[in-house]
Amino acid sequence: MGDNNRPVAVVVDGYSSGNHLPAAFAALGVDAVHIRSTPELLTAWRQPEPTAYQGNLMFTSLEESASRLAAFSPLCVVAGQEPGVMLADRLSERLGLATNGTALSAARRDKYEMIEALRRAGVRCARQLESGDAGTLVAWAEATGYPVVVKPLASAASDGVAICRTREEVRAAVEGILRTPSIFDDRNHQVLVRSSRTVAPAPPPRTPLPNWRPSPTARGSPARNDHDTAAFAAESIRRWRLGLPTLTRPVFAARA
């Protein structure tokens, strides 16, 4: 409990717009406690205001931090900004509070995983490929068709996002992201390229077609192949009409 035995909410990384959370909780009669996920403050954002909180902690370990927060008997743990999403999941789960859980935490930060979670749920999504190799991403963009969107995996505020219409633009955008830290001061090891059009969800991968090769550093949707797509669609419709098991699509990085 907070001062005057008021209930407490925990805010993880209350940067930028997260600064509005203490007042929002106060209007509900709830005090707020802040916990920072990193040893150093993130300098690219408006800093959390320490006086707005009943307590200010820094994450050390899951067990120790959860124990310190448990002393406040918190009602909930929420993320104040994107860097705090995964820690908020871990702490809320550890404290036995209402939680998103940790099983899909990556899908709340990693932009590749976000789209794949939608695809698994049957939602139409963009084709995409993640890789740390500019050549692989350029080849995929060429095979998929322009324009494509290039972006970091886990940044924010349109940081590094580019709409590219040529192979040269894709290469420049990818190489720029790889050599520049994200807005959260994290190094970008991988880059995401997405198609500008959505496609029906792809079922699990199957045996590769002869003219495709997997990339050891890439994960993503197959680049478009109109002949293969038409044949696949026709066979899928035939099987659906006959009540046969559906086909699955290959998942590859780029055309050899």
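The table for this structure:
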| read-out | value |
| --- | --- |
| Cβ-based exposure ranking for Thr166, Thr43, in which fewest neighbours within 10 Å come first | Thr43, Thr166 |
| Likely footprinting exposure, Trp45, Trp140, fewest C-beta neighbours within 10 Å first | Trp45, Trp140 |
| Extension gain (nm, one decimal) between Ser73 and Thr99, 0.36 nm per residue minus Cα-Cα | 7.8 nm |
| Potential lengthening between Ala27 and Ala121 on full extension [0.36 nm per residue; Cα-Cα distance subtracted] | 30.2 nm |
| Extension gain (nm, one decimal) between Tyr146 and Arg167, 0.36 nm per residue minus Cα-Cα | 6.7 nm |
| Rounded to the nearest 20 debye, dipole of segment 37-125 from Cβ charges on Lys, Arg, Asp, Glu | 360 |
| Rel. contact order, % - alpha carbon contacts under 8 angstrom, at least six apart, segment 3-106 | 32 |
| Rh (Kirkwood; distinct C-alpha pairs) - segment 1-95, Å | 12.9 |
| Overall form of segment 81-131 per C-alpha gyration tensor (a/c, 1.5; a/b vs b/c) | prolate |
| Sorted by Cβ neighbour density within 10 Å, fewest at the top, the residues Ile183, Ile115 | Ile183, Ile115 |
| Scattering curve values for segment 42-118, log₁₀ I(q)/I(0), Debye with Cα scatterers, q = 0.16, 0.17, 0.18 Å⁻¹ | -0.67, -0.75, -0.83 |
| Net charge over other residues, Cβ less than 12 angstrom from the Cβ of Leu75 (K, R count +1; D, E count -1) | 0 |
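Only the coordinates and a few stated rules stand behind these numbers; no lab work does. This is a predicted model, so every value here is computed, not measured. Methodologically, a virtual Cβ is constructed for each residue, glycine included, from the backbone with ideal geometry; neighbour enumeration extends over all protein chains shown.
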